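Every number here is computed from the coordinates shown, using simple stated rules; none is lab data. All of these numbers come straight from a predicted model, not from anything done at the bench. Cβ atoms come from the backbone with ideal geometry, glycine included; neighbour counts cover every protein chain shown.
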Amino acid sequence: MNFILANWMLILVALASGGMLLWPSLTGGGGAGISPAAAVQLINRERAVVIDVCDPAEYTAEHVGGAKNIPLAELEAKLPTTVKNKATPLVLVCASGMRAGRAVAVARKLGYDKADALSGGLKAWREANLPIEKA
């Protein structure tokens with residue numbers, strides 16, 4: 001009991017940091033995304049639409065085959081006109097996966113419940129030897 005009383009602050013910090021580490025998995029978040037293989041299955045089986053949220057210059061340099069470019073800053077305004085059916089699965093892609101994670105939050109806020117980020121972004125797609133286009 002003396003240990004707990006003497007080190008209450010350390011115990012509180014340990015519990016708080018553990019809670020912060022567990023929070024994303026408990027809330028279903030975490031931005032882990034889907035693997036390139038799972039993305040290909042979504043595209044082939046459920047006709048998922050691939051949205052590249054990179055800037056136009058990055059998109060022109062290289063992008064996932066068949067992807068539509070909507071920069072992250074314009075996603076909220078342009079996504080409803082690009083993908084009218086909110087039940088359509090979306091695969092959101094960027095260079096590393098970070099912007100795509102933020103794009104998923106925007107898409108879900110707009111009502112696209114089947115939006116997922118490509119884990120690892122275009123880099124993971126390239127490493128999986130999947131088709132890349134250049135504009």
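Length gained on full extension, Ala61 to Arg108, computed as 0.36 nm times the residue gap minus the Cα-Cα distance: 14.1 nm.
Work out which helices of the chain, taken as complete DSSP H runs, extend at least 24 Å along their axis over the Cα atoms and score a mean Kyte-Doolittle of -0.5 or more, then list them. Span-like helices here: 8-27. Suppose R0 equals 30 Å. What FRET efficiency, 1/(1 + (r/R0)^6) with r the Cβ-Cβ distance, do Leu21 and Glu46 give to the nearest 0.05? For Leu21 and Glu46, the calculated efficiency is 0.40. Rounded to the nearest 20 debye, the dipole magnitude of the chain is 300 debye, with +1 charges on Lys and Arg beta carbons, -1 on Asp and Glu beta carbons, and the Cα centre as origin.
Just add up the charged neighbours of Ala107: K/R +1, D/E -1, any other residue whose Cβ is under 15 Å from the Cβ of Ala107. Local charge sum for Ala107: +4.
Partner aspartates and glutamates whose Cα lies under 18 Å from the Cα of Lys123, excluding those fewer than 8 positions away in the same chain, are identified as Asp52, Asp55, Glu58, Glu62, Glu133.
Bridgeable aspartates and glutamates around Lys86 (alpha carbons under 14 Å apart, same-chain partners fewer than 8 residues away excluded): Glu46, Glu76, Asp113, Asp116.
For the pair Ile132 and Phe3 in one chain, pulling the backbone fully straight at 0.36 nm per residue adds 40.6 nm over the alpha carbon distance.
For the chain, the relative contact order is 27 percent, taking Cα pairs closer than 8 Å that sit 6 or more residues apart in sequence and dividing their mean separation by the residue count. For Kirkwood radius over Cα pairs in Å, the value calculated from this model appears in [x] 14.6; [y] 16.2; [z] 19.6 under label [y]. Computed packing ranks the peptides 38-50, 114-126, 77-89, 4-16 as 114-126, 38-50, 77-89, 4-16, most packed first, by mean other Cβ atoms within 10 Å. Here Lys84 is the anchor, and the lysines within straight C-alpha reach of less than 21 Å, apart from those fewer than 8 places off in the same chain, are Lys68, Lys109, Lys114.
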